[in-house]
Amino acid sequence: MGILMTLFYFIITIGVLVFIHEFGHFITAKLSGMRVDRFSIGFPPRAFGKKIGDTDYCVSWIPIGGYVKIAGMIDESMDTEFLRHEPQPWEFRAKSTPKKLLVLSAGVVMNVLLAIAIFWGINLKQGKSIRETTEIGVVVPKSAAADAGLQAGDQILTINGKPVHDWDQVQSLVYLENIGNDLALTVARNGSEQTVTIPRKALAASPEERVGILPAYTAVLITNVEPNQPAAQMGIRPSDLITQINGIPVTNTGQVIDIVSAGAGKKIIVRYKRGEQELAGTGTVRKDARIGIGLVDAYTGPVRHEAYNVFTAIPEAVKGAAEATRLFVKSIWQIIVGKIPFSKAVGGPIKIAQYATQSAEIGFVSYLSFMALLSMSLALLNILPFPGLDGGHFVMVLIERITGKEIPTKIKVVVQQVGFYLLLLFMAFVLYNDIANL
């Protein structure tokens, strides 16, 4: 069931993002008077579809992208048959530079608009919840934070010199604003201040580069319960909070996993909260050290809520898209200067599937937020001036406009071929990287 759900969320996520991106190319090409020969979700071979008018609308077997085949355009298909005749009015090559650039940029624009629309909807529906604490509630054993000497109960005052007033600021400074940098945390402990430094190389050795701290008021939230499994037989339901296992208080998912893993085939007593009710159940851990639950670390402390209306939600949505852009650009720069290992920075279809599933298990809003971030990443990746990407096509059209000369067909074909095969190598690498990190 887990593999099927992961596959489901991957297909939905990629399907939506690719459809939106390719629809941008498709609709602007149509409006510009270009003939579209194919609109495909997925890469060849073709699985099924239907031809309507001049266009073959289809789904193809390799579900890691998609494409729109526009008549008279040299693209990844390497089809140059159209060059045997003079340019036709419905062909890409016969259109003006503004129309060409419009079509080439439309996919990126659609992905940006999708991200902004998602952020806008989230802001409008639930506003912004800010976790009003800077106190560390959990320090994960053997983590970078534990090795550096951080302790539960420490009150974070500044991170790399910047004051913090809530946990959202803590997360932003740790995981977004200081990518590739060492972390210097000034904390209040037992009435005095001290600074704890976490070297970036220590983070690179941690799973997913997590620092290993969770805020005060963290609890273990059940996201799903598999039917006919030990947890279900104990009466545990989604949205319950686990408080104790075998008399040991638990405050984070790591503790639960460790205790359950150590009790394979043995009986356990689980205490949990449902609203104001304190409940308990007894069951036997499966031999594979599972009890059939999904769980996440959830914040249950004081929250400051900021509400938005139809209009005030717009700038916040744009701000969310801008923050995603800043993070992407900073990550690329940190890779270039060697502060982040390339293998740690890139993820392929398996990573996307894992993150999509994890975010969906937390909740629908979390899943939508992930989709918005991925949509922005897809837009920014495609705009890079690399052969085979939208940005590469865009640059070639600009060069032709500036020089007043058409780039020779042979050069275009070679550039596209080189770009295409380099992209294939890159995709093979990220897939290998995903598998190696399983």
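Observations on the model:
- Only listed residue being touching a residue at least 24 places away in the same chain (Cβ under 8 Å), outside any helix (DSSP H, G or I), under 23 Å from Ser105 (Cβ atoms) and in the same structural domain as Gly419 (by TED's automatic domain parsing), chosen from Phe39, Phe19, Phe26: Phe39
- Here Asp147 clears all of (1) of a type in the set (Asp, Glu); (2) within 23 Å of Thr253 (Cβ to Cβ); (3) in a strand (DSSP E or B) except the condition numbered (3).
- Members of segment 385-394 found to be of a type outside the set (Gly, Ala, Ser), modelled with pLDDT of 90 or more and surrounded by 14 or more Cβ atoms within 10 Å (Cβ to Cβ), listed by number: Phe386, Leu389, Asp390, His393, Phe394
- Segment 88-106, residues that are part of a loop (DSSP other than H, G, I, E, B) and surrounded by fewer than 20 Cβ atoms within 10 Å (Cβ to Cβ): Gln88, Pro89, Trp90, Glu91, Ser96
This table checks each residue for (1) surrounded by 16 or more Cβ atoms within 10 Å (Cβ to Cβ); (2) touching a residue at least 60 places away in the same chain (Cβ under 8 Å); (3) in contact with a His (Cβ under 8 Å, 6 or more places away or on another chain).
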{"position": "Ile332", "(1), (2), (3)": "no, no, no"}
{"position": "Pro341", "(1), (2), (3)": "no, yes, no"}
{"position": "Gln354", "(1), (2), (3)": "yes, yes, no"}
{"position": "Asn382", "(1), (2), (3)": "yes, yes, yes"}
{"position": "Ile402", "(1), (2), (3)": "no, no, no"}
{"position": "Asp434", "(1), (2), (3)": "yes, yes, no"}
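- Qualifying strands (runs of 3 or more DSSP E) (wholly inside segment 173-261; at least 2 residues being surrounded by 19 or more Cβ atoms within 10 Å (Cβ to Cβ) and touching a residue at least 24 places away in the same chain (Cβ under 8 Å)): 183-189, 213-215, 218-225, 241-245
- Scanning segment 300-309 for residues that are part of a loop (DSSP other than H, G, I, E, B), under 26 Å from the mean Cα position of the chain (by Cα) and under 13 Å from Lys125 (Cα atoms) returns Ala307, Tyr308.
- A single entry from Phe43, Phe39 fulfils the requirement of being surrounded by fewer than 18 Cβ atoms within 10 Å (Cβ to Cβ) and of a type outside the set (S, T, N, Q): Phe43.
The values are calculated or read from the model by the stated rules, or taken from the named source; none is laboratory data. All values reported here derive from a predicted model rather than from experimental measurement. Quick reminder, even Gly has a Cβ in these numbers, built from the backbone with ideal geometry, and neighbours come from all protein chains shown.
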